[in-house]
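Undergrad: Dropping the structure in here first, questions after.
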Amino acid sequence: MKIFNVAFNYTTYNKVAGVPLYNIEENPVVFNRPDSTLIKGGKPCFIPDDLGTVKAAAHIVVRVCRLGKGIPERFAHRYYDALTCGMTFTATDLLEQLRREGLPWHPAIGFDGAAAIGEWLDVGELRRHSFRIDINGATAQEGDSCHMLHTIDSIISHISRHTTLRMGDLVFTGAPAPLFPVCENQHVIGFLDDRKLLEFNVK
């Protein structure tokens, strides 16, 4: 299983003082997380003590349902069958250090528990693709797929240009706003189209 993570896919995330950080109009920015990062089934996320500040982001997550390579965008909807609400974690201080030193990002984004997914909903059950993460009962982040710079179909098509998609691969389609801080002893609940799909504790 491969885990793809789209970055800067919402205008609100990709601007500082009104100036775009990256020119992503043509293609989405995609990186990979190891499959060992994934937690599911309500299992807790244990954040390592030595990572410094850790922040999180909410995503719509797509499940690939068939083998595909070089998929035209008009056919991309045939290659995923379910969506859920997901969450990713990033050790932000460590990430900035790695960027400055020109080193790979893996230590900051690839630790165990750095990605979580909820229960799956069939694509046909969904109406709007709005999503929300609540932390200890308060909304930490929310968004809607209608505000994506790159649609789900265009992301699937783009990834498949150079990487073969296989059944069970996951695509975290991007966060709608800057990362929000997380710490131990927090209770996380995630919603997709107002349906609670994700729930776990941060420890």
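Undergrad: Tally up the residues in the range 148-165 that are more than 13 Å from the chain's Cα centre (by Cα) and farther than 12 Å from residue 71 by Cα, please.
TA: Residues that pass the stated criteria total 3.
Undergrad: Could you please find all residues in the range 56-92 being part of a strand (DSSP E or B), under 29 Å from residue 104 (Cβ atoms) and small (Gly, Ala, Ser)?
TA: 56, 57, 58, 68, 86, 91 - these are the residues of the range 56-92 that are part of a strand (DSSP E or B), under 29 Å from residue 104 (Cβ atoms) and small (Gly, Ala, Ser).
Undergrad: For residue 68, only one of the following conditions fails: (1) within 20 Å of the chain's Cα centre (by Cα); (2) crowded, with 20+ Cβ neighbours inside 10 Å. What is its number?
TA: (1)
Undergrad: Now for a different question. Assuming residue 102 fulfils every condition listed in (1) under 28 Å from residue 26 (Cα atoms); (2) open to solvent by 10 Å² or more (accessible area, probe 1.4 Å); (3) part of a helix (DSSP H, G or I) apart from one, which condition is it?
TA: So the condition that residue 102 fails would be (3).
Undergrad: Every residue in the range 120-139 that is within 15 Å of the chain's Cα centre (by Cα) and open to solvent by 20 Å² or more (accessible area, probe 1.4 Å), please.
TA: Those that are within 15 Å of the chain's Cα centre (by Cα) and open to solvent by 20 Å² or more (accessible area, probe 1.4 Å): 120, 129, 132.
The values are calculated or read from the model by the stated rules, or taken from the named source; none is laboratory data. What you are looking at is a predicted structure, and each value in this text was computed from that prediction instead of being measured. Every residue, glycine as well, gets a Cβ built from its backbone with ideal geometry; the counts of neighbours run over all protein chains shown. Only protein heavy atoms, including side chains, enter the accessible area calculation; ligands, DNA and RNA are left aside. Shrake-Rupley method; radii C 1.70, N 1.55, O 1.52, S 1.80 Å.
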